[in-house]
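Working notes, beginning with the structure itself.
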Amino acid sequence: MNEKPKVAVLFGFGINCDRETAAVFELAGAVSERVHVNHFVNGERDLSEFNILAVPGGFSFGDHLGSGRLLGNRMRFAMRDQLTAFIEAGKPIIGICNGFQVLVKTGLLPGREIPDFEQRASLTLNNSGRYEDRWVTLEFDSDSPCIWTKDITRIECPVRHGEGKFVMPSLSDLDSLHENNQIVTRYVDPSTEIGQGITDEPLPFPICPNGSIRNIAGICDPTGLVFGLMPHPEAAYATFLHPHHTRADVNESILGECMQIFENAVKYVKSNI
């Protein structure tokens with residue numbers, strides 16, 4: 001693919017991180033277009049026009065009936081055929097924060113290689129009982145099939161959510177995710193050695209800001225094309241965005257890897273689509 005990949009960035013109904021998500025994809029070398037969800041639903045536009053789909057953060061439908069529930073249902077029923085064709089064409093999808101909640105509610109995450117739109121997990125209320133807005137440290141599974149996180153070990157970026165605790169019906173479900181390397185990223189203690197921070201043991205607040213089971217911050221589907229995470233890497237694309245950017249203890253290489261998430265998807269599309 002010689003031309004720049006085209007990214008559809010959803011907006012509407014309370015999504016409010018669409019402009020910065022579109023901007024970061026532009027910085028990564030893609031062409032972004034903010035498309036209202038209804039344009040896909042009513043047939044004015046089709047996902048086949050695009051190479052990447054981004055479901056940004058925000059408060060879709062005011063989080064009524066639970067974060068991501070209503071938008072997830074809208075996509076699951078009204079965009080089912082488009083989403084299935086998009087994934088079968090090998091095109092990447094990312095959901096950030098509310099977008100992650102949406103992809104989980106549609107059933108695309110943890111998902112199946114052939115989408116069946118059955119919900120198998122959820123993101124529920126933070127253990128703190130309140131909205132958390134703070135910076136976290138994430139570490140990534142180097143064996144994950146996720147195309148978005150290739151060659152990324154650790155990043156720092158903010159979380160901004162009230163329902164970020166990842167849960168599944170049973171421990172065996174979590175074991176299956178682990179065995180398939182679908183647990184892409186977890187919250188880790190920043191004092192640990194890079195590459196050695198991942199643990200199943202519950203980490204204390206605020207290192208794990210929501211009490212997520214096994215400190216899970218993001219997962220992918222079995223293909224590695226569909227990726228969702230609660231933290232906001234699009235909000236940490238430059239060193240000056242870090243709250244400690246004037247201090248000597250900011251690791252610029254860790255911050256730079258936030259941009260690599262988006263660059264990885266752009267490179268994947270150019271090489272494979």
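If you compute Cα Rg over 2.2 N^0.38 Å for the structure shown, which of (i) 0.92; (ii) 1.18; (iii) 1.09 do you land on?
Among (i) 0.92; (ii) 1.18; (iii) 1.09, the one derived from this structure is (i).
For the chain, calculate the relative contact order in percent as a whole number, restricting contacts to Cα pairs under 8 Å that are 6 or more residues apart.
RCO, the chain: 20 percent.
When a/c is below 1.5 the answer is rounded, else prolate if a/b is larger than b/c, else oblate, so apply that to the stretch 1-69 with a ≥ b ≥ c taken from the square roots of the Cα gyration tensor eigenvalues.
Judged from the Cα gyration tensor, the stretch 1-69 comes out oblate (a/c at least 1.5, b/c at or above a/b).
Magnitude of the Cβ-charge dipole of the chain, K/R +1 and D/E -1, about the Cα centre, nearest 20 debye?
Rounded to the nearest 20 debye, it is 660 debye.
Contour minus end-to-end for GLU26 and LYS267, with contour as 0.36 nm per residue of separation and end-to-end as the Cα-Cα distance?
85.5 nm
Identify all lysines with a Cα-Cα distance to LYS165 below 16 Å; exclude those on the same chain that are fewer than 8 residues away in sequence.
LYS165 reaches LYS105.
Computed from the mean reciprocal separation of all distinct C-alpha pairs, what Kirkwood hydrodynamic radius does the stretch 141-206 have, in Å?
Taking every pair of different Cα atoms in the stretch 141-206, averaging 1/r and inverting gives 13.6 Å.
Determine which residues of the stretch 150-178 fall in the zone a paramagnetic label at ASP200 would reach in this model, i.e. backbone nitrogen under 19 Å from the point 7 Å along Cα→Cβ.
166-178
So if each residue of separation counts as 0.36 nm, and I subtract the Cα-Cα distance between HIS36 and ARG120, what length gain in nm does that give?
Result: 27.5 nm gained on full extension.
Counting each DSSP H run of 4 or more residues in the chain as -39500 (n - 2.57), what helix-only mean residue ellipticity at 222 nm follows after dividing by all residues, to the nearest 500 deg cm²/dmol?
-8000 deg cm²/dmol, from helical runs alone.
Could I have the simple spin-label model distance between SER172 and SER142, label points 7 Å from Cα toward Cβ, reported in nm to one decimal?
3.3
Under the 0.36 nm per residue contour assumption, what length would be gained going from the current alpha-carbon distance of ASN181 and PHE240 to full extension?
18.0 nm
Straight distance only, please: which aspartates and glutamates reach the Cα of LYS150 with their own Cα at less than 19 Å, same-chain residues fewer than 8 apart left out?
Leaving aside aspartates and glutamates fewer than 8 places away in the same chain, those within reach of LYS150 are GLU139, ASP141, GLU179, ASP221, GLU234, GLU252, GLU257, GLU263.
Between HIS64 and ARG247, what FRET efficiency comes out of the Förster formula 1/(1 + (r/R0)^6) with R0 = 45 Å and r the beta carbon distance, rounded to 0.05?
With R0 = 45 Å, the Cβ-Cβ based efficiency is 0.65.
What residue among GLN82, GLN182, GLN196 has the largest mean-square fluctuation in a Gaussian network model of the chain, using Cα springs under 10 Å?
Of GLN82, GLN182, GLN196, the most mobile in the Gaussian network model is GLN196.
With the Cα gyration tensor of the stretch 165-273 giving a ≥ b ≥ c as the square roots of its eigenvalues, does the rule (a/c under 1.5 for rounded; else a/b larger than b/c for prolate; else oblate) give rounded, prolate or oblate?
Taking the square roots of the gyration eigenvalues as a ≥ b ≥ c, the stretch 165-273 is oblate.
What is the distance, in nm, between label points placed 7 Å from the Cα along the Cα-to-Cβ direction at ASP133 and at ASP46?
4.2
Decide, for the stretch 125-178, between rounded, prolate and oblate: order the square roots of the alpha carbon gyration tensor eigenvalues as a ≥ b ≥ c, take rounded if a/c falls under 1.5, and otherwise choose prolate if a/b is larger than b/c, else oblate.
It comes out oblate by the Cα gyration axes.
In a Gaussian network model over the chain where Cα atoms closer than 10 Å are linked, find which of HIS161, HIS232, HIS36 has the largest mean-square fluctuation.
HIS36
Among ILE261, ILE114, ILE219, whose mean-square fluctuation peaks in a Gaussian network model of the chain (Cα, cutoff 10 Å)?
Of the options given, ILE114 has the highest mean-square fluctuation.
Counting Lys +1, Arg +1, Asp -1, Glu -1, what net charge surrounds LYS267 among other residues with beta carbon under 13 Å of its beta carbon?
+1
So how far, in whole Å, is the C-alpha centre of the stretch 20-84 from the one of the stretch 162-180?
So the separation of the two Cα centres works out to 25 Å.
Here, each number is a calculation from the coordinates, and none is a lab measurement. Since the model is a prediction, treat every value here as computed from it, not as a measurement. When we count neighbours, we look across all protein chains shown, and the Cβ atoms used for this are built from the backbone with ideal geometry, even at glycine.
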